[in-house]
Each structure stands twice: as structure tokens, then as C-alpha cells.
1. Any chance segment 76-89 includes a residue that's exposed (fewer than 10 other Cβ atoms within 10 Å of the Cβ), over 13 Å from the mean Cα position of the chain (by Cα), in a loop (DSSP other than H, G, I, E, B) and at pLDDT 95 or above?
2. Filter segment 26-55 for residues that are under 16 Å from residue 14 (Cβ atoms) and part of a loop (DSSP other than H, G, I, E, B) and give the result.
3. Pairs under 7 Å by beta carbon, first residue in contact (Cβ under 8 Å) with a residue 60 or more places away in the chain in segment 16-45, partner charged (D, E, K, R) and surrounded by 12 or more Cβ atoms within 10 Å (Cβ to Cβ), six or more apart or different chains?
4. Among the residues of segment 39-75, count how many are touching a helix residue (DSSP H, G or I) at 6+ places or on another chain (Cβ under 9 Å), loosely packed, with under 14 Cβ neighbours inside 10 Å and among the small types (Gly, Ala, Ser).
5. Of all residues being touching a Ser or Thr at 6+ places or on another chain (Cβ under 9 Å) and exposed (fewer than 15 other Cβ atoms within 10 Å of the Cβ) in segment 21-38, which is farthest from residue 75 (Cα to Cα)? Just the residue, please.
Amino acid sequence: MGLLWYTLWSMKIHHYTAIFQKEPEGGYTVIIPALKGCVTYGETIEEAVEAGKEAIESYLGSLARDGEKPPKDISFVSMIDVPESSVTSASYA
């Protein structure tokens, strides 16, 4: 019990923002913005969360093997509102 407790106590927890995008054909794409190119998919939200965890662990494991430190998470996530009128009246070159 002592070694297991110490191992769990001493583990550092990494926190990363995940974006879950519902796909029209079903399922969820998961994007981890702080980890460039870290994208995965799950049929259900539960599967998507698990796939996201596995993708992050794999990404961080790859960095560790290369002697690199894990990047910090993005600073924050925010919504940007754009009036519908500006979208329909926009002209594109």
C-alpha cells in the first residue's frame, strides 16, 4: 500500500483544454489546442473523453521520449459573437 500511495501522490496531473465538436455524421471530434495536431474522435461523448485522454497521454509520452517538456495549456477559451448581418453582408475577394 505504501508504494502505491506514494506513486499516486507523487504523480503530476496535467490539465489541458479539450474542444468537443459534434460531427454531422455522428460522434465527436476532440481537439487539444495546446498540443499541436492532437486530434481524436469518439462515437459517444464518453468515448471521445477517453480517446482525448489517450491522445494526450500518447502525445506527452512522445515528448518525454524526445526529452521535451510538456507545453502549458492555452490561456483561456472564449466565445466571439458576430452579428448575422455582418456575415451576410460581408464581401469576399
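The values are calculated or read from the model by the stated rules, or taken from the named source; none is laboratory data. Nothing here was measured: the structure is a model prediction, and the numbers come from that model. Neighbour counts are summed over all protein chains in view; Cβ atoms, including those assigned to glycine, are modelled from backbone coordinates with ideal geometry.
1. No: zero hits.
2. If the condition is that a residue be under 16 Å from residue 14 (Cβ atoms) and part of a loop (DSSP other than H, G, I, E, B), then 32, 33, 34, 35, 36, 38 are the ones that fit.
3. Correct list of pairs: 17/73.
4. 0
5. 23
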